[in-house]
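The values are calculated or read from the model by the stated rules, or taken from the named source; none is laboratory data. These numbers were taken from a predicted model, which means no experiment stands behind them. Counting neighbours? That spans all protein chains shown, and the Cβs are built from the backbone with ideal geometry, glycine included. With ligands, DNA and RNA removed, areas are computed over all heavy atoms of the protein, side chains included. Shrake-Rupley method; radii C 1.70, N 1.55, O 1.52, S 1.80 Å.
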Amino acid sequence: MATLVAYFSSTKNGNTARAAASLAKAAGADLVSIDPKKPYTAADMNWKDPNSRSTKEKNDPSIRPEITTAPVDITKYDKLYIGFPIWWGVAPNVVKTFLDANDFSGKQVYVFATSGGTGISAAVSDLKRTYPKLDIVKGKMANGGVSGDIFA
């Protein structure tokens with residue numbers, strides 16, 4: 001079986017994208033970017049603006065932004081790493097779009113995140129609550145880069 005690293009990064013070469021690429025290389029994993037159909041702009045991510053796209057998504061957890069990520073054959077993977085920047089303490093809704101679109105039954109899931117100051121525990125708890133059948137083994141922060149498999 002194989003390993004997959006799937007990640008969302010609000011910028012193409014941001015902290016989460018770099019962490020995901022390093023982790024995939026270290027783990028010998030396939031790498032998939034979770035890409036929103038409508039990319040996020042700086043204005044979309046302005047957490048101080050109550051009308052920004054990300055604030056609206058935070059306030060309505062049922063919103064699932066469309067993604068352009070090609071379907072992934074999850075059956076060939078036994079281990080999945082899911083990465084994202086933490087927004088308001090949780091995973092961005094676009095990550096949940098990806099999770100909704102795939103069946104992770106019987107898979108070990110490891111969550112990694114980047115953040116300017118928030119820890120990962122609330123994000124992992126939220127994912128476990130939202131996806132009770134998801135076997136989340138562990139969650140770790142990937143700030144400051146990744147050297148090696150942070151879950152090994």
Could you let me know the centre-to-centre spacing of the stretch 28-46 and the stretch 64-106, using Cα atoms, in angstrom? 11
The pairs in Lys25/Lys56; Lys12/Lys79; Lys38/Lys76; Lys12/Lys133; Lys48/Lys133 lying past 27 Å Cα-Cα in this model are Lys25/Lys56; Lys38/Lys76; Lys12/Lys133; Lys48/Lys133
Please compute the Cα-Cα pair-distance distribution of the chain with 5 Å bins starting at 0, giving whole percents from short to long. 2, 10, 20, 25, 23, 14, 5, 2, 0
nm² value of the averaged projected area, convex hull over the Cα atoms of the stretch 64-131: 4.7
Enter the accessible area of Arg53 (Å², nearest 10), with the probe set to 1.4 Å and all protein chains included. 40
Accessible area expressed per residue, the chain, with surrounding protein chains retained (probe 1.4 Å, Å²): 51
³J(HN,Hα), Karplus 6.51/-1.76/1.60, whole Hz, each residue of the stretch 36-43, x for Gly, Pro: x, 4, 10, x, 7, 9, 4, 5
In debye to the nearest 20, how big a dipole does the chain give about its Cα centre with +1 on each Lys and Arg Cβ and -1 on each Asp and Glu Cβ? 220
Please list the equivalent ellipsoid semi-axes of the stretch 1-65, computed as the square roots of five times the alpha-carbon gyration tensor eigenvalues, in descending order and whole angstrom. 28, 13, 9
Check which residues have an amide H placed less than 5 Å from Phe112's amide H, if you skip close sequence neighbours. Ile82, Gly83, Phe84, Lys140
Helical segments meeting 20 Å axial Cα length and Kyte-Doolittle -1.0 threshold in the chain (DSSP H): none
Here, the stretch 26-109 modelled as identical Cα point scatterers in vacuum has Debye log10 I(q)/I(0) at q = 0.14 Å⁻¹ of -0.54
